[in-house]
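Participant: Have a look at the structure that comes next, please.
The values are calculated or read from the model by the stated rules, or taken from the named source; none is laboratory data. Just so it is clear, the structure is predicted and the values come from calculations on it, not from any experiment. Glycine gets a Cβ as well: all are built from the backbone with ideal geometry, and neighbour counts include every protein chain shown.
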Amino acid sequence: MVAEAGLSFRARRAGTEREAPRALPPAGWADANLDLRGLAESPAARRAALERRVGGLGFPRVFDRVTIVAAGGGAEQDGQFLFQATGLLLLDPSLAPRLAARLGDPLASAGSDQLVADLLAFAGSPEAQRALLSALRVPGRERAHHFPLLVQRLGFVAEPIPEVDALALALLRGSPIGSALAVAAQYAVGAVAGKLARAGEVTRAAALVEELERRFDAAASPSEVRHGAVALANTRLGSVMPRLVLASAHADAEVRRAVADSLAAVPGPAARRVLLALALAPEADVAAAALHALREHPLAAAELEELAGAAARGRVAEGADAELLALFDEQQPATDALARAVRAVAARSGDRPAVHVLIERLRPHLAPAPAPSPLGDPPPP
């Protein structure tokens, strides 16, 4: 997840790794820019829409914000500023090369470089994409310790031009396996491949997916399997599920946790089945990741009943209780199954305030506990 514009904050946990380059775009960017498509045949209407979006923001203020961030202040993820500034880049495409020139200047910082890359990637116009690509190709730029984070921004572009997938693929093939740059490029290739496939660019998408599948099949260590699985999940394509199913059964718990995280953004019943199985993993962090990801998947009544029944029988790791209850709070199983599951969790909750808060939130939806029978307690379900 991984990280891709237009996804919710929960879903954007997918496609990222604890030890890998990480960057989270704000939600809604793909939709905000693609909404302008309907105005393509009316330049005046498109311009008016962009002017409303920009709201009087001038380019000097964009430069000022980059300078402030370079000096260690400001917020790189100020959603309103990003929304207005990317609108400005769409309104006047000639500004993109001027902004890209700030990337890597002597007064820049990792934060200001990432802000510049964010603005160019989220704007997503061909001019903004080319400006970002030109800035990334500057000789010596790859030596910056944060260069992988800038490469990862290629995966944020909503409608990639061919030069984007060409550069991401070249960086992936030209970087040492397992390096931060290779991982960032691998994740970006996955995100770009999925966007191309959904846009009908079948040939371009297939070349990228083929490279990701080849690398996954040749993985020689758990970390290579983990990164390969996350990159495949970043495509959000059903065709990659067979390999993700294999990774979900890997002996290494970190591989399985990464698969669980990543499947939050992969739609369909195959992804749900894998997540439901991982929710019963003995490792609490694997189970918690799977339950967290399931919050992005509307579960069928039978799936919720199955999960609640497993929880009632103590088959969900205790350390995943908070994620289990949060899922039940959002997608409530039938009252009886929910009550049995919550009672089982409550019995082992101990001194865990977050779990107690969720239990209290669910209490109005619980069926009353059965009255004791004079003949003794019935056998457990």
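Participant: I'd like the full set of residues that are out of contact with any Lys or Arg (no Cβ under 9 Å at 6 or more places or on another chain) and either in a helix (DSSP H, G or I) or closer than 23 Å to V138 by Cα (or both), limited to the stretch 82-99. Lay out the reasoning, then the answer.
Facilitator: Narrowing the stretch 82-99 to residues out of contact with any Lys or Arg (no Cβ under 9 Å at 6 or more places or on another chain): 82, 89, 92-95, 98-99.
Within the stretch 82-99, L82, L89, P93, S94, L95, R98, L99 meet the criteria.
Participant: Out of the residues in the stretch 47-62 that are among the aliphatic types (A, V, I, L, M) and touching a residue at least 12 places away in the same chain (Cβ under 8 Å), which is surrounded by the most Cβ atoms within 10 Å (Cβ to Cβ)? Let's see the steps before the verdict.
Facilitator: Kept after step one, since they are among the aliphatic types (A, V, I, L, M), are these residues of the stretch 47-62: 48-50, 54, 57, 62.
Cutting the leftovers down to touching a residue at least 12 places away in the same chain (Cβ under 8 Å) gives us 49-50, 54, 57, 62.
On the way: A49: 18, L50: 18, V54: 19, L57: 18, V62: 23.
Among residues in the stretch 47-62 that are among the aliphatic types (A, V, I, L, M) and touching a residue at least 12 places away in the same chain (Cβ under 8 Å), the one surrounded by the most Cβ atoms within 10 Å (Cβ to Cβ) is V62.
Participant: Quick one: V286 ticks every box in (1) of a type in the set (V, I, T); (2) surrounded by fewer than 24 Cβ atoms within 10 Å (Cβ to Cβ); (3) farther than 15 Å from A233 by Cα except a single one, so which number is it?
Facilitator: (2)
Participant: Sticking with this structure for a sec: Mind checking which helices (runs of 4 or more DSSP H) fall wholly inside the stretch 262-323 and carry at least 2 residues that are modelled with pLDDT of 90 or more, more than 16 Å from A339 (Cα to Cα) and touching a Lys or Arg at 6+ places or on another chain (Cβ under 9 Å)? Show your work before the answer.
Facilitator: Values: elements: 269-278, 284-294, 301-312.
Of the helices (runs of 4 or more DSSP H) lying wholly inside the stretch 262-323, those with at least 2 residues that are modelled with pLDDT of 90 or more, more than 16 Å from A339 (Cα to Cα) and touching a Lys or Arg at 6+ places or on another chain (Cβ under 9 Å) span 284-294.
Participant: Among the residues of the stretch 147-180, which ones are touching a His at 6+ places or on another chain (Cβ under 9 Å) and either assigned to a helix (DSSP H, G or I) or among the basic types (K, R) (or both)?
Facilitator: A180
Participant: So, in the stretch 329-381, of the ones that are small (G, A, S), surrounded by 10 or more Cβ atoms within 10 Å (Cβ to Cβ) and in a helix (DSSP H, G or I), which residue ends up modelled with the lowest pLDDT?
Facilitator: A354
Participant: Further question: Residues that are surrounded by 24 or more Cβ atoms within 10 Å (Cβ to Cβ), within 16 Å of L327 (Cβ to Cβ), in contact (Cβ under 8 Å) with a residue 40 or more places away in the chain and not aliphatic (A, V, I, L, M): does the stretch 261-283 have at least one?
Facilitator: yes
Participant: Quick check on this structure: which one of V183, V255, V192, V230 is of a type outside the set (S, T, Y), touching a His at 6+ places or on another chain (Cβ under 8 Å), assigned to a helix (DSSP H, G or I) and surrounded by 15 or more Cβ atoms within 10 Å (Cβ to Cβ)?
Facilitator: Values: V255 fails: touching a His at 6+ places or on another chain (Cβ under 8 Å); V192 fails: touching a His at 6+ places or on another chain (Cβ under 8 Å); V230 fails: touching a His at 6+ places or on another chain (Cβ under 8 Å).
Selected residue: V183, the only one of V183, V255, V192, V230 that is of a type outside the set (S, T, Y), touching a His at 6+ places or on another chain (Cβ under 8 Å), assigned to a helix (DSSP H, G or I) and surrounded by 15 or more Cβ atoms within 10 Å (Cβ to Cβ).
Participant: Read through the list (1) without any contact (Cβ under 8 Å) to a residue 60 or more places away in the chain; (2) surrounded by 19 or more Cβ atoms within 10 Å (Cβ to Cβ), then give the number of the only condition that G238 fails.
Facilitator: (2) is the only condition that G238 fails.
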